[in-house]
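Here is the structure we will look at.
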Amino acid sequence: MKINFFLPGFYENFRLITTLADMMGDEPGLFFDNIRIGAAYGCFPGSIWNGGRVILGSATRQEMEYAIEEYNKRGIAVRYTFTNPLLQKVHLPDTYCNQCMELGDNGKNEVIVNSPLLEDFIRKMYPGYALISSTTKCLNDMDAVRGELEKDYRYVVLDSAMNNTQELFQMPHREKLELIANHYCADDCPRRRDHYKAVGKCQLEFSELKFEKCANINREFYQIMENRSFITADDIMGRYYDAGLRNFKLDGRGFNRYKVLESFVYYLVKPEHRDRVRLRLLKKCF
């Protein structure tokens with residue numbers, strides 16, 4: 001069983017992720033054994049169903065087709081973060097979001113969901129997609145997580161506050177758990193739910209986020225290693241793997257690309273090759 005990593009920003013980080021995937025295929029000795037890029041998550045800019053981060057703008061049909069094809073031919077799923085918690089029935093026929101779904105409806109791709117309304121719509125209209133239960137649901141107790149694991153989801157993305165806890169290693173269906181290894185948000189942030197609602201409102205209105213940003217988002221990668229929720233690369237390859245925990249999401253959608261690069265190098269590349277891989281990616285992608 002391989003360790004799956006799910007990488008942020010399939011649109012904005014397209015070149016970085018595809019170049020990294022090609023390096024992993026061509027020179028596997030540079031990377032940790034038994035790992036793969038399971039999916040790249042995010043959205044095409046301007047998707048009103050999007051949640052978690054405000055991603056404005058637009059993409060052409062040709063750009064969408066190209067990105068989906070390039071990821072899928074490398075064995076990487078395109079995973080839409082359609083987690084806007086404020087969606088109503090009137091938003092379901094949105095032409096742009098439905099085009100995104102239609103173009104990726106080939107049995108290889110995934111959707112992260114939050115809204116029961118949108119989830120029901122996707123299950124009916126696009127049954128070829130695997131569904132992922134989002135961390136934006138803010139399920140912050142183990143009983144709620146156990147209930148979610150019994151539902152028809154490929155994975156359930158855990159609240160990062162539960163990382164590195166004794167209860168985590170006693171959970172059933174650990175093969176379905178997905179853990180955010182490097183969450184930039186503060187541990188046990190009390191404003192998470194309000195933040196996700198503010199993001200959803202901005203996405204629907206095509207407006208910039210006015211919600212006061214958490215100062216923790218501005219930290220560098222090495223600083224978030226101090227978080228109680230941070231999962232080290234050694235732990236992923238060791239005690240987490242041994243406990244049947246094989247699915248890890250890397251935070252960083254909408255972030256400075258240098259932070260994203262650093263997380264990719266730390267989690268995927270063997271320590272003795274990190275400088276070499278980082279430099280090559282910098283030259284090719286920045």
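A short reminder: the numbers here are calculations on the coordinates, not readings from a lab. Quantities reported herein were computed from a predicted structural model and do not represent experimental measurements. Cβ: placed from backbone, ideal geometry, glycine included. Neighbour counts: every protein chain shown.
At a Förster radius of 51 Å, what calculated FRET efficiency corresponds to the Cβ-Cβ distance of K124 and Q166, to the nearest 0.05?
On the way: r = 40 Å, r/R0 = 0.78.
Step by step, r from the Cβ atoms, then E = 0.80.
For F82, the residues 5 or more places off, or on other chains, whose built amide H falls under 5 Å of its own are I112.
What's the magnitude of the charge dipole for the chain around its Cα centre, counting Lys and Arg as +1 and Asp and Glu as -1 at the beta-carbon? Answer in Debye, nearest 20.
Its charge dipole is roughly 380 debye.
Classify the chain from the C-alpha gyration tensor, please: rounded if a/c falls under 1.5, else prolate or oblate depending on whether a/b exceeds b/c. Kindly include the intermediate steps, with their values, before the conclusion.
Working: a/c = 1.37, a/b = 1.16, b/c = 1.18.
Rounded, since a/c falls under 1.5.
Could you list which residues have their amide H under 5 Å from that of M225, counting only those 5 or more apart in sequence or on another chain, with H placed in the peptide plane? Residues meeting the amide H criterion: none.
Of the cross-linked pairs K89/K124; K151/K201; K137/K249; K73/K108; K2/K176, those separated by over 20 Å at the C-alpha level are K151/K201.
Pull out the extension gain between D26 and K270, defined as 0.36 nm times the separation in residues minus the alpha carbon to alpha carbon distance; nm, one decimal. Each step should come with its number before you reach the end.
Values: separation 244, 0.36 × 244 = 87.84 nm, distance 1.52 nm.
Taking 0.36 nm per residue and subtracting the Cα distance, the gain is 86.3 nm.
Across region 89-98, computed HN-Hα scalar couplings (Karplus, 6.51 cos²θ - 1.76 cosθ + 1.60, θ = phi - 60°) run 4, 4, 8, 5, x, 3, 4, 5, 5, 5 Hz from first to last residue, x flagging Gly and Pro. The Cα center of region 247-276 and the Cα center of region 131-157 differ in position by 26 Å.
Once the other residues with Cβ under 13 Å from the Cβ of S229 are scored (Lys, Arg +1; Asp, Glu -1), what is the net sum? Could you put the intermediate results ahead of the total?
On the way: positive: R192, R228, K249; negative: D159, D187, D188, E226, D235, D251.
Taking every Cβ under 13 Å from that of S229, the sum is -3.
Suppose R0 equals 22 Å. What FRET efficiency, 1/(1 + (r/R0)^6) with r the Cβ-Cβ distance, do N256 and R228 give to the nearest 0.05? Intermediate values should be presented prior to the final figure.
Numbers: r = 24 Å, r/R0 = 1.08.
My answer for the efficiency is 0.40.
Taken one residue at a time, the phi angles of region 139-156 give Karplus couplings (6.51, -1.76, 1.60, θ = phi - 60°) of 7, 10, 9, 5, 5, 5, 5, 4, x, 5, 5, 7, 8, 7, 10, 5, 9, 10 Hz. Gly and Pro are set to x.
What's the extension gain from H173 to N98 if we count 0.36 nm per residue and subtract their Cα-Cα distance?
Working: separation 75, 0.36 × 75 = 27.00 nm, distance 3.19 nm.
Here the segment from H173 to N98 would lengthen by 23.8 nm.
Pull out the extension gain between K210 and M142, defined as 0.36 nm times the separation in residues minus the alpha carbon to alpha carbon distance; nm, one decimal. Please list the in-between numbers first.
Values: separation 68, 0.36 × 68 = 24.48 nm, distance 3.25 nm.
This chain segment gains 21.2 nm when fully extended.
Put a dot 7 Å past the Cα of I217, heading toward its Cβ, do the same for E69, and the two dots end up 3.5 nm apart.
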